[in-house]
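The values are calculated or read from the model by the stated rules, or taken from the named source; none is laboratory data. From a predicted model like this one, the values you see are computed outputs, not experimental measurements. When we count neighbours, we look across all protein chains shown, and the Cβ atoms used for this are built from the backbone with ideal geometry, even at glycine. Please note that ligands, DNA and RNA were not included when accessible areas were found on the heavy atoms of the full protein model with its side chains. Shrake-Rupley method; radii C 1.70, N 1.55, O 1.52, S 1.80 Å.
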Amino acid sequence: MSAPAQNKTILVIEDEPEIVLGLTDALEFEGFGVVSADSGKGGVSLMRSCRPDAVLLDLMLPDANGFVVCRQIREIDTLVPIIMLTARSAEADKIRGLESGADDYVTKPFSVGELVARIRAMFRRAGRAPGPAEVFEIGETTVNLTMHTVSCGRQVEQLSFYEVGLLRLLYEGGGQPVSRDEILEKVWGLGAGPSNRTVDNFIVKLRRKIEKKPDSPEHILTVYGYGYKLVS
Ligand code: CA
């Protein structure tokens, strides 16, 4: 059973009052709690005091660069889903956002209804009952989806929210190729777009955590023109 939205608090870090108002109304209507800050500094401070369940982060803040704020949030909480709100549509910015710890991004102007639906879907997926395969081996690496960790020997690394979703989906594929479209739909709740590099970017991150040689992977394999498969 999925957790009710009432238990979830969303932190909105955004300096445009109209967007804050629109998001707050829509999120509260869906039963979420909302806290908001109009600066990077205020946002990081709320992050510490409120420990929200998800963060919506504007890239262009008056006092700080959103990429930097994103890193600071990641330092406080390695798991919290961060969705970046960006006026820029440049692919380089999106990739930089994902690299600085964001899980997803929307480009302004965006539909508030669509964004809220995406957040609801995200928590619905996260709230589902853990399957039997929450701990498994990939090569010499042990993956624990419940703890959000990968470990090899004594070295333990944290997985982010979407990394867990991606790894779970690939594992459930049982070695069969999983298409990029299916990954986008099931992990991110997104329609596929030809320019969407989100999946590839997350695959790179996972390979760094799991593969001995991330540049010549043995476990998370590319299926050209289609998607990816996991060979344990
Ligand atoms: Ca702004």
(request) Step through the residues of region 139-152 one at a time and calculate ³J(HN,Hα) from phi using the Karplus curve (6.51 cos²θ - 1.76 cosθ + 1.60, θ = phi - 60°), rounding each to whole Hz and writing x for Gly and Pro. (result) x, 9, 9, 9, 9, 10, 6, 6, 8, 6, 10, 10, 9, 9
(request) Can you send over the carbon and sulfur percentage of the accessible area for region 145-232, probe radius 1.4 Å, protein chains only? (result) 48 percent
(request) Enter the accessible area of residue 140 (Å², nearest 10), with the probe set to 1.4 Å and all protein chains included. (result) 120 Å²
(request) Enter the angle in degrees (range 0 to 90, nearest 10) between the Cα long axis of helix 112-126 and the first principal axis of the Cα atoms of the chain, meaning the one along which they spread out most. (result) 40 degrees
(message) What would the Debye equation give as log₁₀ I(q)/I(0) for the chain at q = 0.08 Å⁻¹, counting only Cα atoms as equal point scatterers?
(response) -0.29
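All other residues with a Cβ under 14 Å from the Cβ of residue 224 taken together, and with Lys, Arg as +1 and Asp, Glu as -1, what is their net charge? List each step's numbers first, then the result.
Working: positive: 180, 229; negative: 200.
Within the 14 Å Cβ shell, the charges total +1.
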(message) 7 Å from Cα along Cα→Cβ at both residue 151 and residue 79: what's the point-to-point distance in nm?
(response) 1.5 nm
(request) Indicate the gyration tensor shape class of region 9-126 (rounded, prolate or oblate), computed on the Cα atoms with a ≥ b ≥ c the square roots of the eigenvalues: a/c under 1.5 is rounded; otherwise a/b larger than b/c is prolate and the rest oblate. (result) rounded
(message) So, taking all protein chains as they sit and a 1.4 Å probe, how much accessible area belongs to residue 152, in Å² rounded to tens?
(response) 60 Å²
(message) Rounded to the nearest 10 Å², what accessible area does residue 118 have for a 1.4 Å probe in the complete protein model?
(response) 40 Å²
(request) Show the residues, 5+ positions off or on another chain, whose built amide H is closer than 5 Å to the amide H of residue 145. (result) 135, 136
(request) Would you please give the residues with an amide H less than 5 Å from that of residue 64, counting only those at least 5 places away or on a separate chain, with H modeled from the backbone geometry? (result) 40
(request) Using a 1.4 angstrom probe on the protein heavy atoms only, line up 78, 149 by accessible area, largest first. (result) 78, 149
(request) Apply the Debye scattering formula to region 135-230, with a single equal point scatterer on each alpha-carbon and no solvent, then give log10 I(q)/I(0) at q = 0.25 Å⁻¹. (result) -1.50
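Per residue, what accessible area does the chain have, given a 1.4 Å probe and all protein chains present, in Å²? Display every interim value, and only then the final one.
Numbers: 11420 Å² over 232 residues.
Averaged over the residues of the chain, the accessible area is 49 Å².
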(request) Could you tell me what percent of the DSSP beta bridges with both partners in region 9-126 are antiparallel, to the nearest 5? (result) 5 percent
(message) Can you give me the angle between helix 17-29 and the longest principal axis of the chain, using Cα atoms only, in degrees from 0 to 90, rounded to the nearest 10?
(response) 70 degrees
(request) Return the long-range amide H neighbours of residue 232 (sequence gap of 5 or more, or a different chain), with a cut-off of under 5 Å between placed amide H atoms. (result) none
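Multiply the residue gap between residue 136 and residue 182 by 0.36 nm, knock off their C-alpha separation, and tell me the result in nm, one decimal place. Before the final figure, lay out the partial values.
Values: separation 46, 0.36 × 46 = 16.56 nm, distance 2.22 nm.
Taking 0.36 nm per residue and subtracting the Cα distance, the gain is 14.3 nm.
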(request) May I ask you to give the percent of accessible area on region 9-126 that is carbon plus sulfur, with a probe radius of 1.4 Å? (result) 52 percent
(request) Could you tell me which of the pairs 108/229; 41/229; 41/212; 94/209 are separated by over 31 angstrom between their Cα atoms in the structure shown? (result) 108/229; 41/229; 41/212
(request) Note down the net charge around residue 75, summing +1 for each Lys or Arg and -1 for each Asp or Glu among other residues with Cβ under 14 Å from its Cβ. (result) +3
(request) Any chance you could give the angle, 0 to 90 degrees and rounded to 10, that helix 161-172 forms with the longest Cα principal axis of the chain? (result) 30 degrees
